[in-house]
Structure formats: structure tokens, C-alpha cells
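As C-alpha cells, the structure follows; a few thoughts come after it.
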């Protein structure tokens, strides 16, 4: 490698490190209501609008718009719970109140298996403004953190030339927007970019990393004392033998694993952390 190329690579590496350090410094400077720790346990209810508050988990992850009753966030706070609010940032759902704000050019391909939902162009300034407003709503409602969904659109067929680089740029935008509101923020799935993005996010939400053998990369979070909230759905994990094997592995990896019903309607729940049941 010649000296010029070598120097260029060093400059790029230093710039990347400086950017990550700046992100961490900015996040630390904000005022938050929750300091995530790798041992924090969680409960996830999206498919049922009326939230069951009986579980011992420290963190409740609920839908920003649909969770009921209307005072559920204050109710959970009164019980000493941390409230994470789910918000879709990578697709447009035609039943959301702000759907009309998307330009036609923002809307891409249909999302497989989800009627009325389309991928969106996450490079669009208009899209980013809509998502910033959603995150601001989470702050206004009293959420402690947000779970932004569909932040791996580039791995699908979104109808736009999204790339790994455009995804990283958008995901960093989401993280900085949440932090500016004083909210903690999760990296949802996007398993191919864990090492690139872990410095910008406060915790992770993962689906099925045990089933698909994708959990190893989450050391980027657990090694930094950031919790990884893992959901599994497979029927094999709903049997005693499967639960035992799953939980032995999850606990050894310091993952906060819970087995749920696929539609997250609270019809099945088994947490590997006993205190979260």
C-alpha cells in the first residue's frame, strides 16, 4: 500500500472514531429518565391494545399510538416501569394519522405480509421531518425511550436504491433525533450493521437471533453494558425442553430473552429472566 493510500485510510479511521465519540458525548450530555443497563429486563406488547401491567419486567415496550388505556404511560411510571414507545420509521402505514404527509415520491414497494404498509425513501427530507415529529410525540407523551422499527429497509426490496451507507446515515439521524429529545433509542434488528451503529444507540431490540443464529454480534451492545431485548416466537421454545435450552444460551450471552406469541398480543409469555415473568 502506498503512503498516500495509507494516510487516507488513517484519516478515514480517525474521522469515524471522532464521529462515534461525538455521538456518545452528545448522548451523554442530554437529560434522560432512564440509564439502560445490560441486566434490565423487558416486556413487549404491541398486538394487544390494552396493556397487561402484571409482569415484573423493568421495561415495558408499547405502541406509541395504540396502547391503551390512554393513561397507560403514567400508570406504568407509577409502577416504577421504564416505558419504551414503538414507532415505525422505515415504512408508511396508511392507517396512521400522518400518512397524508408523505409525498407520492416518498412511497415505495408494498411491505410483504402487511396490508396497507409501504417502504419509504429514508433519504427524503420530508420523510425525516415526519419521523422527527413522531419522535417528538413520544417525548410529549412521556416515553422514556423509542423503539424505531424497520431500520433495515436496504436489505429488502423497498423500491428505492437504498444501500448500507444510506441506511447507516438514516439510522444515525434517528438516534441523534431521539437523543436531542432526551430519549433513549433502540437499534431494532439491522443485524448486519451492529458493529457500525452500536456506539450511536442505547440498547437493542432483536427478533429471533437464536432461531437464526444471529446473536453473536450483540456483544457490541452487551460488552458496553447496553441491554439487548430479544424476542423469540418459534414453537420449539414454547416447550419445557426448548425453553431450558434457549434460556441457558440466552443467559450465558447476557441477552434478555422472552418468548412471545408472534402477534405480540400477550397470549403467550415466557421470560428467561425469572423476575420478568
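The values are calculated or read from the model by the stated rules, or taken from the named source; none is laboratory data. Since the model is a prediction, treat every value here as computed from it, not as a measurement. Because the Cβ atoms are built from the backbone with ideal geometry, glycine has one as well, and the counts that use them run over all protein chains shown.
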>> Name the single residue that is farthest from residue 202 (Cα to Cα) among those in region 66-81 being out of contact with any helix residue (DSSP H, G or I) (no Cβ under 8 Å at 6 or more places or on another chain) and touching a residue at least 40 places away in the same chain (Cβ under 8 Å).
In response: 74
> What tally of residues in region 30-56 results from selecting those that are over 17 Å from the mean Cα position of the chain (by Cα), surrounded by fewer than 14 Cβ atoms within 10 Å (Cβ to Cβ) and under 21 Å from residue 181 (Cβ atoms)?
Replying inline: 2
> Can you name every residue in region 243-267 that is over 20 Å from residue 46 (Cα atoms) and either surrounded by fewer than 16 Cβ atoms within 10 Å (Cβ to Cβ) or modelled with pLDDT of 95 or more (or both)?
Replying inline: 244, 245, 246, 247, 248, 249, 250, 251, 252, 253, 254, 255
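Looking at region 191-210, which of the residues that are in contact with a helix residue (DSSP H, G or I) (Cβ under 8 Å, 6 or more places away or on another chain) and outside any helix (DSSP H, G or I) is nearest to residue 32 (Cα to Cα)?
202
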> Do we have residue 35 as outside any helix (DSSP H, G or I), farther than 24 Å from residue 270 by Cβ and modelled with pLDDT under 95 here?
Replying inline: no
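Would you pick out the residues in region 211-232 that are crowded, with 18+ Cβ neighbours inside 10 Å and either in a helix (DSSP H, G or I) or in contact with a helix residue (DSSP H, G or I) (Cβ under 9 Å, 6 or more places away or on another chain) (or both)?
Residues satisfying the conditions are 215, 218, 220, 221, 222, 226, 227, 228, 230, 232.
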>> Can you find a residue that is more than 16 Å from residue 58 (Cα to Cα), assigned to a loop (DSSP other than H, G, I, E, B) and free of Cβ contacts under 8 Å to residues at least 40 places away in the same chain anywhere in region 241-253?
In response: yes
> Conditions: (1) over 22 Å from residue 246 (Cβ atoms); (2) buried (at least 16 other Cβ atoms within 10 Å of the Cβ). Residue 161 meets all but one. Number of the miss?
Replying inline: (2)
